[in-house]
Amino acid sequence: MARQWSRTVQRVGLAAAGGYGFSLAAVVLLGWLLSAVLPRSEAVVLAAMLGFLVYLGVSLWAFAEQRLLTLWLVLGGGSVAAWLMVGLAPEVA
Amino acid sequence: MVASWRESMRWQHTWVGVVLGALLFAIFWMGTLSVFDKEIDRWMMPATRLAPPESVALQSAVASARQVAPDSPRWRFMLPTSRAPQVRLYHPDADGRLQSVDLDPRTGRPLPEQGTLAGSGFIFPFHFSLHLKAGQLGYWLVGLAGMAMLTLLVSGLVVHRKPIRDLFTFRPHKRLGRANLDLHNLTGVVGLPFHFIMTLSGLIIFVNIYFPDAAALAYDDTADPQGTFLEEGLGRFNRPPAGEPGSLASLDIMLSRARAEWSGEGPAFIRVWHPGDAASYVEMRRSNQNMVRINRDQIYFDGGTGEVLYRFEAKPLMKTQRFIAGLHFIQFEHWPLRWLYFGGGLSGCVMIVTGFIFWLQARRKRHGRQGAVRVVEGLTVGSVTGLILATVAFFIANRLLPLEARWAGYERAALEVWVFFLVWLGAFVHGWLQGSNAWRGQCWAIAGLAVGAVALNAVTTGDHLLKTLAEGYWPVAGMDLVLLAGAALAAWCARRLTQRQTAGSGEVDFG
């Protein structure tokens, strides 16, 4: 029972927070990639709008995927990537 | 695999729906009313029940601004539209808080203070910020609910899996449980495109709040990536004050110049930056009345000479973002569409309520009246009929409080808001105490108060329904008619609940 609860809390947390982190990573990265072919303000706004659809997809997937480890790797990994890109970007430049 | 996928979506749909349904209902309800926020303003602010003006006395409006807010760093004049006939002046006070005063468009003189936040000041911001001012907590809660709504729409489609059949199925005379689920599926499927687009566009409006770091990599060579992105994407002009007094050239001449550049269309607002300073400048933003897009077309004039300093028009993708925002804001003129939006919003409210009732009925059979069922029942009553009741009580308070009302340090506008929240709180308490019986009581209360609001409008303003209908004054006549229709619906619900002596049915009851 307790184990079931723990799995549910992890899953909901991954869907909401992990899903957001993953989407943010996708937005930041896509905005950067698209800026090669678009004016960069256009690249960023397009990427950010698409981010909501990415978030929709991954947060639904978080409820469907049975293996929590996969979720941790993909959504947790995406969140770490977002944190690195947002936190460290100015130093990289 | 497919079965477990559907099973996981069923689990998601059930629990995300139950946990966030109350919040979603509040957002949908306030959003539905916001479709007519300006009309609610007219009803709640009788001094602004004016005919839309032919032209605006701009110089007199500026003179009024000099009197009302002589030391303000900026004045923003919202110009009249067909739905809002007054000039509304916004100005930050000494503490930086935005104040507003309504001006008569023909004379430029301030209209009598109405002491209300009304539709555009209370109901509309409630829809997207919940009036939670701590940080941007309200925005983020609404954003979370919005994302959850998108997932619920998709998972709902997976769970119900017969969308075409649902489209043609409504059996109101079957037992309540069946009729309720039919209604949930029907509103869900018919409204699906509308609900999906409205939810997604609502999120996209605040894309800069929800993805505040979107520009981190693309603009990593700038000190402030997001700020630079917004400046490039949305257009900003800045000039610090000179610290010396200066004069303001004729706004009318600047206005006609802007009109000439915008193929005859005027601005939505005129903003004077650093009024009275030698470095003052005037910003004009193109009107949204004739296009879907909430546009960012801007012209800046030098305050002293009237010369054009800066022009801006957004690029295509940013225009797309503003178009999607405009789909949601519906600031353009289109009455049939406005009513369709209203109906679409109500269908969303019905979808949420019937979802709740389905959950309650399924559990009540299994668990009787204890525990979680009881909590959710109280929550549902308070957040559905309770919210509607609070809204109508807000209208009643608006008509009952005298203009000079003030109590315990609160201004009149704040008192109205207090009435709203106290009635809402009372409805939750009533719901928890009475359980499913509370539906009936609150439906009767809604019906009584809604009729009372129509009567009070007639008594306190003289604009009774016969008069407004005869004159074709639709903002007030429409509001009264919707209140009466809502009262009839609420009374019908209450009667049906009495006959059946069972739990609530989910028919629309709006005030």
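Since every read-out is calculated from the coordinates, none of them should be taken as a lab result. Here the structure is a predicted model, which means the values were calculated and not measured. Methodologically, a virtual Cβ is constructed for each residue, glycine included, from the backbone with ideal geometry; neighbour enumeration extends over all protein chains shown.
Applying 1/(1 + (r/R0)^6) with r as the Cβ-Cβ distance of B:Asn290 and B:Phe194 and R0 = 25 angstrom yields a FRET efficiency of 0.60. By the count of neighbouring beta-carbon atoms within 10 Å, fewest first, B:Glu265, B:Glu39 end up ordered B:Glu265, B:Glu39. The stretch between B:Asp252 and B:Leu425 holds 57.3 nm of extra length on full extension. This uses 0.36 nm per residue minus the Cα-Cα distance.
Its relative contact order, with pairs defined as Cα atoms under 8 Å and 6+ residues apart, puts chain B at 16 percent. Counts of other chain beta carbons within 10 angstrom of each beta carbon in peptide A:79-88 average 2. Modelled spin-label separation between B:Ile209 and B:Leu337, with each label point placed 7 Å from Cα along the Cα-to-Cβ direction: 2.4 nm. Cβ crowding within 10 Å, taken as a proxy for footprinting-reagent exposure, orders B:Trp359, B:Trp43 from fewest neighbours to most as B:Trp359, B:Trp43.
What does the structure give for A:56-69 when I average, per residue, the other chain Cβ atoms found within 10 Å of the residue Cβ?
Details: counts 9, 3, 0, 7, 10, 1, 3, 11, 11, 2, 4, 0, 0, 0.
That average works out to 4.
For a straight C-alpha distance cut-off of 30 angstrom, the lysines reachable from B:Lys133 (same-chain residues fewer than eight places away being disregarded) are B:Lys38, B:Lys319. Remark: mean inter-chain Cβ contacts per residue of A:13-25 equal 2, using a 10 Å Cβ-Cβ cutoff to other protein chain atoms.
Ignoring solvent entirely, what values of log10 I(q)/I(0) come out of the Debye formula for the range B:46-113 at 0.16, 0.17 Å⁻¹ when each Cα is a single scatterer? So the normalised log intensities are -0.48, -0.54.
With the simple model of a label 7 Å out from the Cα in the direction of the Cβ, B:Arg175 to B:Trp262 spans 6.0 nm.
Mind running the shape call on the protein assembly as shown? Use the C-alpha gyration tensor, a ≥ b ≥ c as the square roots of the eigenvalues: rounded below 1.5 for a/c, prolate if a/b tops b/c, oblate otherwise.
Values: a/c = 2.11, a/b = 1.18, b/c = 1.79.
Oblate.
Using equal-weight Cα scatterers in the Debye expression, the normalised intensity of chain B in log10 at q = 0.10, 0.11 Å⁻¹ is -0.87, -1.04.
For chain B, what is the calculated [θ] at 222 nm in deg cm²/dmol (nearest 500), taking -39500 (n - 2.57) for each run of four or more DSSP H residues and dividing by its residue count? List each step's numbers first, then the result.
Numbers: 19 runs with 298 residues, N = 511.
Taken over chain B, the calculation gives -19500 deg cm²/dmol.
For a straight C-alpha distance cut-off of 29 angstrom, the lysines reachable from B:Lys365 (same-chain residues fewer than eight places away being disregarded) are B:Lys162, B:Lys174.
At 0.36 nm per residue, minus the direct Cα-Cα distance, what do B:Ala488 and B:Glu231 gain on full extension? Give it in nm, one decimal, please. Can you show the working numbers first?
Working: separation 257, 0.36 × 257 = 92.52 nm, distance 5.12 nm.
Taking B:Ala488 through B:Glu231 to full extension adds about 87.4 nm, to one decimal.
Magnitude of the charge dipole for chain A, about its Cα centre and with charges confined to Cβ atoms of Lys, Arg (+1) and Asp, Glu (-1), is about 380 debye. For chain A, the alpha-carbon radius of gyration amounts to 1.22 times the rule-of-thumb value 2.2 N^0.38 Å expected for a compact globular protein.
Roughly how many debye, to the nearest 20, is the charge dipole of chain B about its Cα centre, given +1 on each Lys and Arg Cβ, -1 on each Asp and Glu Cβ, and no other charges?
Values: 49 positive and 39 negative charges, 548 e Å.
The dipole magnitude comes to about 2640 debye.
Between B:Asn238 and B:Val308, what's the calculated FRET efficiency when r is the beta-carbon distance and R0 is 22 Å? Round to 0.05. Mind dumping the intermediate values first?
On the way: r = 16 Å, r/R0 = 0.72.
That pair, B:Asn238 with B:Val308, gives E of 0.85.
Modelled spin-label separation between B:Glu471 and B:Leu50, with each label point placed 7 Å from Cα along the Cα-to-Cβ direction: 1.4 nm.
In terms of other Cβ atoms within 10 Å, B:Leu111, B:Leu422, B:Leu497 run from fewest to most in the order B:Leu422, B:Leu111, B:Leu497. Looking at chain A as a GNM with Cα springs under 10 Å, which of A:Ala43, A:Ala25, A:Ala15 has the largest mean-square fluctuation? Taking springs between Cα atoms under 10 Å, the residue moving most is A:Ala43. Does a label point 7 Å from the Cα of B:Thr460, set along Cα-to-beta-carbon, have any residues of the range B:36-65 with amide nitrogen under 15 Å, and which are they? Inside the label zone: B:40-49.
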